[in-house]
Every structure is written in structure tokens, then in C-alpha cells.
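The values are calculated or read from the model by the stated rules, or taken from the named source; none is laboratory data. Since the model is a prediction, treat every value here as computed from it, not as a measurement. As a convention, Cβ positions derive from the backbone with ideal geometry for all residues, glycine included, and neighbour counts pool all protein chains shown. When the accessible area is computed, the model is the full protein with side chains, heavy atoms only, and any ligands, DNA or RNA have been set aside. Shrake-Rupley method; radii C 1.70, N 1.55, O 1.52, S 1.80 Å.
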Amino acid sequence: MTWEALFLSILPVSLLGAVVGLDMVSFPQIMLSRPLVSATLGGAFVGRAGAGLLIGAVLELIALETLPFGASRYAEWGTAGVVGGVVMAGQPVSSAGGLPVAMFVALATAVFSSRSMVWVRNWNAHEARRLRSEIDAGSPTAIDSLQLRGLTMDLVRGFAVTFVALLVLYPLSHKIVAVWGVDAVHSRAFVTALAATVAAGAIWTLTHRAARAGWLFILGLGAGTVLLLLQ
Amino acid sequence: MTEPESRATQSARRDGGTPAPVGARAVAASFIRLFAVQGSWNYETMVGNGIAFSMKPLLRNLPEERYHAALARQARYFNAHPYLAGVAVGSLARGELDGEDPVRVERYRTALCGPLGSVGDQLVWAGWLPLCSLMALAAFALGAGPLVVVCIFLGAYNAGHIALRAWGLRVGLRRGLRVAPALANPLFREGPAALARISAVLAGLILPLALQRIIGPGRALAGGVAVVAVIGAVILARFGARATGWRAALGLLSIFVLYSVAR
């Protein structure tokens, strides 16, 4: 693929990244930004929603530990999911490295997007200081203006993160998959072990304070294992 | 976003007279704006500007001077869970409209911050969101396609999300500065623990099935994966305060990718 073709093909996906990035905190928080949704949408944009769903499920298990409490710093899964979904859907179905590379690319994007949210929040604070005298005078125009600037900047942030991540990581992911040296059995087992570890840790964190939650988890695990054996 | 002021409003402002009651259109406008309440979130005023932004349609009928004073008050520092910000917007708007003493409004505003943050965090971020994720993952584990999984997640989650936002604004507007007892609702006290128990049993049930679908050809190593997951989860639970799981996963994955490329 030429750079021009790559540039043109990632523009619409970057718009999707902008929308799901905005959804994470600013508007409307309907959870399009959860990786299960954003990765599936990313995969669908490339024509393989099923591949997007697979990486989305892996990332969702990991995202269970993300609790976006107040001012805490956390991963922004919207753009990360879109990038992961596109990369996963762009690999050949039979490639051994497709899933681990898509997961790597998504998590790397999450580091960058998480940082970009802090930049936007600092920029919002700067704008709030700039408009302080008008806001302190109760100017409805200044209040609306600050809000709209923040929303616009967050939309731009989501677009830029997705665009840059795809521009850099999409070609890189193809190069890595082309020289991937571990077989499909071990590659998938590694990814599954990572997702299971983080998910189990997250479930413990979320539920251990509730009475009998540990026993309920073990009860469910037993039932799930039986169902698995019956399949 | 700004709507033209009605003649009645402008007249009321000029006269400094009693404002008209809040109309359905103003409530609807405020409700829609609440979805963007975190639009200018920052580390200094947090969601403060968003509170004033969402409250603006409700305060339109105040006399000019009181309108600006109320907006200035409401744009200051505020922190709350975004889905419960409607409680603050509704109750504080009612206080402003009823002509409560500004000092009392400000004191009440400060007092609302903590409960609206902690109650929402526990109920939504630590309860409802993970439960809806697990419901969608259960559908994935049982072989559902992309559309079904996404619809289950978005449908279930947003049924609760939108109902909570609507309840917050309604109860705030109805009770004004006497909204605190509404936060003692059994849903807020018992809900998080009940959701955690349902999540625990659902997580146990779906984890093996979801992992079975993800692992694909790697199922030959399923036993090893289970052992690694148990040990890893115990380590994460033990040292979770110092290391986030996703960053640790990225570190390990980076090593695995390098190994695979170098091989």
C-alpha cells in the first residue's frame, strides 16, 4: 500500500476514533468507547467485524480493571480499541501473530491516548483561567464557549491519536506479522493467559468487598467449567 | 447551543420580577446538556463549568442580575459523578430559582460534591459498567455475533445510564436543597454490593467460555493458561496498588513480540 493510499484509508477510521474518543469522557459517555464496541466498529470499518470483536473481547477483559474515578489517570480505550480492531481485521485470518500484534498495538495506543487526555485537561484548565474574569461575571457566552472548546479539543484529540497511531503502527504491524516466529498455539495461549490474568485480578478487585463474592465466583467458575466440558 | 430568550423572560429580567416556573423545554435542554457536563473537565475546576453549562436553560427566567450571579456561582469548582451531576444541577437550580440565600446555596453545593462522586463511582463505574461488560462477554462466549454482542452491551448499559441521569435531574428539581435524603435510596446503599455479587458469579461462569473462544488453536495449552492466570491474578491482586494490569500486560507483550521477531 502506498503512503497516499494509507493516508486516505485511515481518514474515515480516524473520524470513528474521534467519536469514540470524545465518548470516553466528554460526550455522551454512552460507552461507545469500551473496547468491545470500539474494536468491533474498527473491524467493521475494514470489513471484518468478527475480527474486531475478537480483539475487542480480549481488550474488554483487560479494561475490566479500568475504573475512571474522578481525577485518576486511566487508559482511554476508545481510540485504542479502534486501532486494535483495524489492525486485527487487516491481518490474514490464518496469521499466528495477528492477535498478539493487534493487542500490542492497542495497548501501545492506550498509553499514548491516556497521556493525550491529560494534555487536553491541562489545556482546558488553561482556557478556564483565560476566561476566568468573564465566567466570574456570570457570562453565559463564556461558559458555553469554554464547554464547546473543550468538546472540540477532545474530538480533535481522538482524531489525532487514531490517525497517528494507525499511520505509524499499521504498517509496522504488517512487518511484524510477516516475520512472526512463534506458532499459533503458543501465540494465542500467551494472549489468553494475559487477558485472563488481568481480568481475574480486576474481578477480585471489583467484588472482594461484597459478602460471599469469592464463593459466588468459585460457584460460577465451577458451572462455567462444566458447561465448557459439555460443549 | 444558546436559545433565543423569550419576551416574557426578557420582560421579567427588566422588571426584576418573579421568574416563571421551569418549563418542559428548559428541562429537556438541561437534560441534553448534561450529556456534555464533562466537556471542559480539568484538574482545577473539574466539572464546575459543566454544571453551569447544564443549568443555564433552567435559570433563563431569573432576573438579569440574579441570572449572572447564579451562573458565576455555579461555574466554580465542582466534582461529581457525571451521571449524578443532574442531581446537583436540578437541586441547585431549584435553590437559585426559589431565591435561596446565596451563602446557603454555596454551602449546599460544597456538601453535595463528595456524596455525588462516591455514590456514582461505586454504583456505575465499579458496579453497573463491569456487569454490563460481563453480560456482553457472556454473549460473546456463547458464540453471538458482533452486532448482537454490541447491542446487548449498549442496550443494557444505557438503559441504566439514561434512567439514572433522568432520575437525578427530576429529583433535584423536585426537592431543591432538600435532595440529600434521595441519596439514601436503597439502590445507592445496597446496589453496589448486589451488583458485585452478580458480577462475581457471572464472571466465574463466563471466563472459561470466553477464554475458550479467544484461545482458538492454543487450547492445547489450556491447562497451563489456567495455572498462569491464577498465579498472575493473585500477584496482581496483591500488588495491584503499585502496578496496573494493562501496563504490565503491555510490558510482557512487548517482550513476547521482540522474542517472536528475533526468533
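Restrict the check to the range B:67-89 and report whether at least one residue is outside any helix (DSSP H, G or I), closer than 18 Å to residue A:136 by Cα, within 9 Å of chain A (Cβ to nearest Cβ) and of a type in the set (Ser, Thr, Tyr).
So far as the range B:67-89 goes, no, none of its residues is outside any helix (DSSP H, G or I), closer than 18 Å to residue A:136 by Cα, within 9 Å of chain A (Cβ to nearest Cβ) and of a type in the set (Ser, Thr, Tyr).
Being at the interface with chain A (Cβ under 7 Å from one of its Cβ atoms) and either surrounded by fewer than 19 Cβ atoms within 10 Å (Cβ to Cβ) or not in a helix (DSSP H, G or I) (or both) is the filter; apply it to the range B:184-220 and report the residue that is farthest from the chain's Cα centre (by Cα).
The residue in question is B:220.
Pick out the one residue from B:103, B:150, B:119 that is open to solvent by 10 Å² or more (accessible area, probe 1.4 Å), facing chain A (nearest Cβ under 8 Å), of a type in the set (Val, Ile, Thr) and part of a helix (DSSP H, G or I). Break it down into steps so the answer makes sense when it comes.
Details: B:103 fails: facing chain A (nearest Cβ under 8 Å); B:119 fails: facing chain A (nearest Cβ under 8 Å).
Being open to solvent by 10 Å² or more (accessible area, probe 1.4 Å), facing chain A (nearest Cβ under 8 Å), of a type in the set (Val, Ile, Thr) and part of a helix (DSSP H, G or I) holds for just one of B:103, B:150, B:119, which is B:150.
In the set A:223, A:213, which member is surrounded by 17 or more Cβ atoms within 10 Å (Cβ to Cβ) and farther than 30 Å from residue A:5 by Cα?
Numbers: A:223 fails: surrounded by 17 or more Cβ atoms within 10 Å (Cβ to Cβ).
On inspection, the qualifying residue turns out to be A:213.
For the range A:96-107, what are the residues that are open to solvent by less than 30 Å² (accessible area, probe 1.4 Å) and out of contact with any Phe, Trp or Tyr (no Cβ under 7 Å at 6 or more places or on another chain)?
Once the filter is applied, which keeps residues that are open to solvent by less than 30 Å² (accessible area, probe 1.4 Å) and out of contact with any Phe, Trp or Tyr (no Cβ under 7 Å at 6 or more places or on another chain), the range A:96-107 yields A:98, A:99, A:101, A:102, A:103, A:105, A:106.
Got a number for residues in the range A:135-148 being in a helix (DSSP H, G or I) and surrounded by fewer than 17 Cβ atoms within 10 Å (Cβ to Cβ)?
Looking only at the range A:135-148, we keep the residues that are in a helix (DSSP H, G or I), and these are A:135-136, A:140-148.
Right, trim to surrounded by fewer than 17 Cβ atoms within 10 Å (Cβ to Cβ) and you get A:136, A:141, A:148.
Total satisfying the criteria: 3.
State whether the residues of the range B:82-91 include one that is surrounded by fewer than 22 Cβ atoms within 10 Å (Cβ to Cβ) and modelled with pLDDT of 95 or more. Give the steps one after another, and end with the answer.
To start, the set of residues in the range B:82-91 that are surrounded by fewer than 22 Cβ atoms within 10 Å (Cβ to Cβ) comprises none.
Scanning the range B:82-91, I find no residue that is surrounded by fewer than 22 Cβ atoms within 10 Å (Cβ to Cβ) and modelled with pLDDT of 95 or more, so the answer is no.
Any residue in the range A:212-226 that's more than 7 Å from every other protein chain (Cβ to nearest Cβ) and closer than 15 Å to residue B:229 by Cβ: show its pairings with residues that are open to solvent by 60 Å² or more (accessible area, probe 1.4 Å) and not in a helix (DSSP H, G or I) at Cβ separation under 7 Å, as long as the two are six or more apart or on different chains.
Filtered contacts from the range A:212-226: no entries.
One line per residue, one yes/no per condition, for (1) surrounded by fewer than 22 Cβ atoms within 10 Å (Cβ to Cβ); (2) farther than 30 Å from residue B:54 by Cα; (3) touching an Asp or Glu at 6+ places or on another chain (Cβ under 9 Å):
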site: A:85; (1), (2), (3): no, yes, no
site: A:94; (1), (2), (3): yes, yes, no
site: A:127; (1), (2), (3): yes, no, no
site: A:132; (1), (2), (3): yes, no, no
site: A:150; (1), (2), (3): no, no, yes
site: A:170; (1), (2), (3): yes, yes, no
site: A:175; (1), (2), (3): yes, yes, no
site: A:185; (1), (2), (3): yes, yes, no
site: A:193; (1), (2), (3): no, yes, no
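Which condition does residue A:90 not pass, out of (1) surrounded by fewer than 24 Cβ atoms within 10 Å (Cβ to Cβ); (2) within 11 Å of the chain's Cα centre (by Cα); (3) more than 11 Å from chain B (Cβ to nearest Cβ), if it passes all the others?
(2)
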